[in-house]
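The values are calculated or read from the model by the stated rules, or taken from the named source; none is laboratory data. Everything quoted here is computed from the prediction, not taken from an experiment. So basically every Cβ, Gly included, is an ideal-geometry build from the backbone, and we count neighbours across all protein chains shown.
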Ligand code: AVJ
């Protein structure tokens, strides 16, 4: 039995607005479904960021010069890390992640593929400041990397806290490259989080499947439907499983009633404007050096300076 998962589920279900931490969406199946989401026509986020990044690389090379070191928040064995390493040819690449297994895996693969780069995994929770290795601290150009608009996934106030902690982690005279999904037309946003192929719905429902298989929960899966809502005041997409009829969830020896129309919230995806992101970055001790975007201004890549 996964005790941490059970504890979070019970705590979340007891809240007046039932909610589960987003991290439980990402087991093996959830991670594969997220990969699949990024390939759908409706989810513009990943491909738009990649398009913007192609413009960023040459300028960043000019800014950074020869001796660059990069620290990625999250373990990046993926395509984004590879492209950045190919383009920037850093002397060191550091990955910070809580999940040690994933981290060691990414470390191994990147070392094999880029023997000229000093690759180091640092186990750490980036909700706190983290000590980076000498391979990073000794470089002339020290650059943090936080792609994918993962910054949008934090809870209330979390994005600003994260930016403050990362300012401490990266240190004086560092820079930070952050991928940020921008506020845009509601229809475009809603389609991206409720794609036509139904992959996002499966992704959101997967956490209920996990509760059944891993926690022996009794849940009528057909009583719930995954939905996405745009909260225009908070400027965020809210995802969750909506009860389509009166139903109950039994888990860990407790029972929780859901009336038709009740939502079990699973995830927020905050969107920013240039102004709103600038505000939290500056409040965290960063200056905005530059922002790149696509012609439709759907996605922003911000270069912050300490
Ligand atoms: C991985 C957090 C950036 O918010 O766009 C996508 C997660 N959830 N579709 C996002 C997600 C449903 C994604 N992030």
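Of the residues that make up segment 30-40, is at least one in a loop (DSSP other than H, G, I, E, B), closer than 27 Å to residue 108 by Cβ and either within 16 Å of the ligand (Cβ to nearest atom) or touching a helix residue (DSSP H, G or I) at 6+ places or on another chain (Cβ under 8 Å) (or both)? There is no residue in segment 30-40 that is in a loop (DSSP other than H, G, I, E, B), closer than 27 Å to residue 108 by Cβ and either within 16 Å of the ligand (Cβ to nearest atom) or touching a helix residue (DSSP H, G or I) at 6+ places or on another chain (Cβ under 8 Å) (or both). Tell me, yes or no, whether segment 268-287 has at least one residue that is away from the ligand (no atom under 16 Å from the Cβ), crowded, with 21+ Cβ neighbours inside 10 Å and within 21 Å of residue 143 (Cβ to Cβ). Within segment 268-287, one or more residues are away from the ligand (no atom under 16 Å from the Cβ), crowded, with 21+ Cβ neighbours inside 10 Å and within 21 Å of residue 143 (Cβ to Cβ). Quick one: would you say residue 43 is part of a loop (DSSP other than H, G, I, E, B) and within 28 Å of residue 192 (Cα to Cα)? Yes. Considering only residues in segment 57-80 that are within 20 Å of the chain's Cα centre (by Cα) and touching a residue at least 40 places away in the same chain (Cβ under 8 Å), the one that is surrounded by the fewest Cβ atoms within 10 Å (Cβ to Cβ) turns out to be 80.
Every residue, every condition in (1) within 16 Å of the ligand (Cβ to nearest atom); (2) within 30 Å of residue 154 (Cβ to Cβ); (3) not in a strand (DSSP E or B), yes or no:
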| site | (1), (2), (3) |
| --- | --- |
| 234 | yes, yes, yes |
| 245 | no, no, yes |
| 250 | no, no, no |
| 256 | no, yes, no |
| 265 | yes, yes, no |
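With respect to the conditions (1) over 30 Å from residue 247 (Cβ atoms); (2) in contact with a strand residue (DSSP E or B) (Cβ under 6 Å, 6 or more places away or on another chain); (3) modelled with pLDDT of 95 or more; (4) surrounded by fewer than 20 Cβ atoms within 10 Å (Cβ to Cβ), residue 100 falls short on a single one, namely (3).
Go through segment 199-224 residue by residue and tally those that are within 15 Å of the ligand (Cβ to nearest atom) and farther than 19 Å from residue 23 by Cβ. The number of residues fulfilling the criteria is 2.
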